[in-house]
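Undergrad: Dropping the structure in here first, questions after.
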Amino acid sequence: VQLQASGGGLVQAGGFLRLSCASPRRTSSNNGMAWFRQAPGKEREFVAAISWNGGSTNYADSVKGRFTISRDRAKNILYLQMNNLKPDDSAVYYCAAGYRSTLATIENAMNYWGKGTQVTVSS
């Protein structure tokens, strides 16, 4: 496993969590990175993406204004701050590193994936 996501858990609606994704330098330091999620019975979907230097970000409409993606390139850690969580946000969250340095928002653009971390939001 090249990427390792952590920080998931059980939280009440309206609460917050911060996910982290640690990665070896060679897999991500100059690459765009992203978060995806997959809820039971649903396909995996894009959540947020960030360019190699953090200068550009992109979000799924469903999380805009509530989630923030960021990265610490010195530590090779990707973050996802999730605020005002809703039950519909419940899913396994995956971090991924893209093939290129620019924003990558689709699964086919991802080169490396980590094991997911479970987020459960109770109503």
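Undergrad: Give the residue that is nearest to Lys75 (Cα to Cα), with candidates limited to residues of region 21-46 that are open to solvent by 30 Å² or more (accessible area, probe 1.4 Å) and within 11 Å of the chain's Cα centre (by Cα).
TA: Per the stated criteria, the residue is Phe46.
Per-residue answers, yes or no, for (1) at pLDDT 95 or above; (2) touching a strand residue (DSSP E or B) at 6+ places or on another chain (Cβ under 8 Å); (3) closer than 17 Å to Val92 by Cα; (4) not polar (S, T, N, Q):
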residue	(1), (2), (3), (4)
Leu17	yes, yes, yes, yes
Phe36	yes, yes, yes, yes
Thr57	yes, yes, no, no
Phe67	yes, yes, yes, yes
Asp72	no, yes, no, yes
Leu78	yes, yes, yes, yes
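Undergrad: With the condition kept exactly as written, say whether any residue in region 76-84 is free of Cβ contacts under 8 Å to residues at least 40 places away in the same chain, more than 20 Å from Gln2 (Cα to Cα) and of a type in the set (A, V, I, L, M, F, W, C).
TA: no
Undergrad: Next question. Being more than 12 Å from the chain's Cα centre (by Cα) and open to solvent by 20 Å² or more (accessible area, probe 1.4 Å) is the filter here, so list the residues in region 67-92 that pass it.
TA: Correct list: Asp72, Arg73, Ala74, Lys75, Asn76, Asn83, Asn84, Lys86, Pro87, Asp88, Ser90.
Undergrad: I'd like to know if region 93-116 contains one or more residues that are among the small types (Gly, Ala, Ser) and open to solvent by 50 Å² or more (accessible area, probe 1.4 Å).
TA: no
Undergrad: Here's another thing I want to ask about it. How many residues does region 47-66 contain that are within 15 Å of Ala96 (Cβ to Cβ), part of a loop (DSSP other than H, G, I, E, B) and open to solvent by less than 40 Å² (accessible area, probe 1.4 Å)?
TA: Residues flagged as within 15 Å of Ala96 (Cβ to Cβ), part of a loop (DSSP other than H, G, I, E, B) and open to solvent by less than 40 Å² (accessible area, probe 1.4 Å) within region 47-66 amount to 2.
The values are calculated or read from the model by the stated rules, or taken from the named source; none is laboratory data. Nothing here was measured: the structure is a model prediction, and the numbers come from that model. Every residue, glycine among them, receives a Cβ derived from its backbone with ideal geometry; neighbour counts consider all protein chains shown. SASA here: full protein model, heavy atoms, side chains in, ligands and nucleic acids out. Shrake-Rupley method; radii C 1.70, N 1.55, O 1.52, S 1.80 Å.
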